[in-house]
Amino acid sequence: MALLFSLPPPSSPSSSSPSFSSHCFSISLSSGHQSGRRIRFLPVAATTTTHNRQHSIPLDKSSLAVAEASEEDQLWAAACLRVRSFYDFQDSSYGIHDHKRYLTEREFVALKERIAGKRKGFKRVSCINATLPLSQLSSSANDLCAACKFTSNGEDRVVVGTLDLNRCLWLPEEIAGTKPEGIEAGFGRAYLSNVCVARELHRNGLGYDIVTKSKIVAEEWGITDLYVHVAVGNEPAKNLYMKSGFIHENDEPAWQARFLDRPRRILLWIGLPCTNEL
C-alpha cells in the first residue's frame, strides 16, 4: 500500500504552496496521482495511495530508524521517494528521466524552503523519514536503493517511508480543520502531508511507524490537534489512520473536488496531549 497526497497544479519553487498537497495511502500514503492522465504536481500531498502491483518484501525492522531529517542528502532521498510514489511513469517514454529529475528537484527545493520557514503559511515543518541500511534490502529493491539512497555517518541507508508534519492553519487547496479555535489554532493545529512508503515494502507497518513518530514530534511541539486528508475511496489509508487513532471530522464538498479534478477527500482528526513547547 502507499500513502499519497494530492498536490496543487505546478507552480514555481518560490510559490507559496508546498510541492505536494493531499495524500493517499497505497502504502504510498497519498492521493495525488491519476494514472493515464496528465501528470499533476502535488503541492503538498495530503493523502495516501494504494499500489497492488507487486509483492511486498518482508523486512527485519531491527535496524529501522524513524526520525526527523535535516541533512540535504536525506531530504533529496525523501524527495525521490515522493516522486517515485506519487506518479506513474512509462520508463520507455522519451525524456522521462529528465522529467523525474525536474520533479525531484522541485520537491527538494520546496521541502527545504518549508523546513526553513520560507513558505508562506507554514509556521513550522519537519520531514520525518523511515530509513534502513542499504545492506539489508534485497536485490528485488534495486531501483528503490538506487533512487533513495543517502549516506549518514559513513553508512549507506535508504529512505523507505516519509511524511511532512506541518504546523499551519490549513494546507493549500484542502479543507481546514476546526480545532483548536481562536488564537490557539495558530500554535496547536498541524497537518500530515506527503505521506508515502516505498511500494516494494508495503504491508510491513512502515506507514504506521512514521505516523506514530509524527504524533510524538507533534506533541513535543505543543500540537493539540493533528489532521490528515484522505481520498474517500482510499480504504488502506483510512484503515491506517483509524488504527493510529484518527477519527472523521469533515468531508470535502463535491464541487471542490470536481473543480480541482481529483478524488474527493475526507478530513480526519486526532487530539494530542500538550506536553511541551508552543
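The values are calculated or read from the model by the stated rules, or taken from the named source; none is laboratory data. Only a predicted model underlies this, so the values are computations on that prediction, with no experimental measurement involved. Every residue, glycine among them, receives a Cβ derived from its backbone with ideal geometry; neighbour counts consider all protein chains shown. Accessible surface is based on the protein model in full, side chains and every heavy atom, while ligands, DNA and RNA are left aside. Shrake-Rupley method; radii C 1.70, N 1.55, O 1.52, S 1.80 Å.
Annotations for the structure displayed:
- Debye log10 I(q)/I(0) for segment 119-278, one point scatterer per Cα, at q = 0.13, 0.18 Å⁻¹: -0.67, -1.12
- Net charge in the neighbourhood of L192 (other residues with Cβ under 10 Å of its Cβ; Lys, Arg +1, Asp, Glu -1) is 0.
- For segment 56-72, Karplus couplings with θ = phi - 60° (6.51, -1.76, 1.60), whole Hz, Gly/Pro x: 7, 8, x, 10, 9, 8, 5, 9, 5, 10, 10, 7, 5, 10, 9, 6, 5
- Here is the tail figure for segment 83-190: Cα pairs spaced more than 20 Å apart come to 56 percent of all pairs.
- Distant-in-sequence amide contacts of V232, defined by a placed amide H-H separation under 5 Å and a gap of 5 or more residues or a different chain, comprise R264, R265, I266.
- Net charge contributed by nearby residues that have their C-beta within less than 12 Å of D225 (K/R +1, D/E -1): 0
- Pairwise Cα distances in segment 202-278 exceed 17 Å for 51 percent of all pairs.
- Calculated P(r) of segment 146-233 - Cα pairs past 16 Å, %: 61 percent
- Accessible area of segment 76-193 belonging to carbon and sulfur atoms, whole % at 1.4 Å probe: 51 percent
- Residue order by solvent-accessible surface for C196, C274 is C274, C196, largest first, with ligands and nucleic acids left out and a 1.4 Å probe.
- In this structure, the amide hydrogen of D251, modeled 1.01 Å from its nitrogen in the peptide plane, lies closer than 5 angstrom to those of L267, counting only residues at least 5 positions away or on a different chain.
- Once the 1.4 Å probe is applied to the protein heavy atoms, segment 165-278 comes out at 41 Å² accessible per residue.
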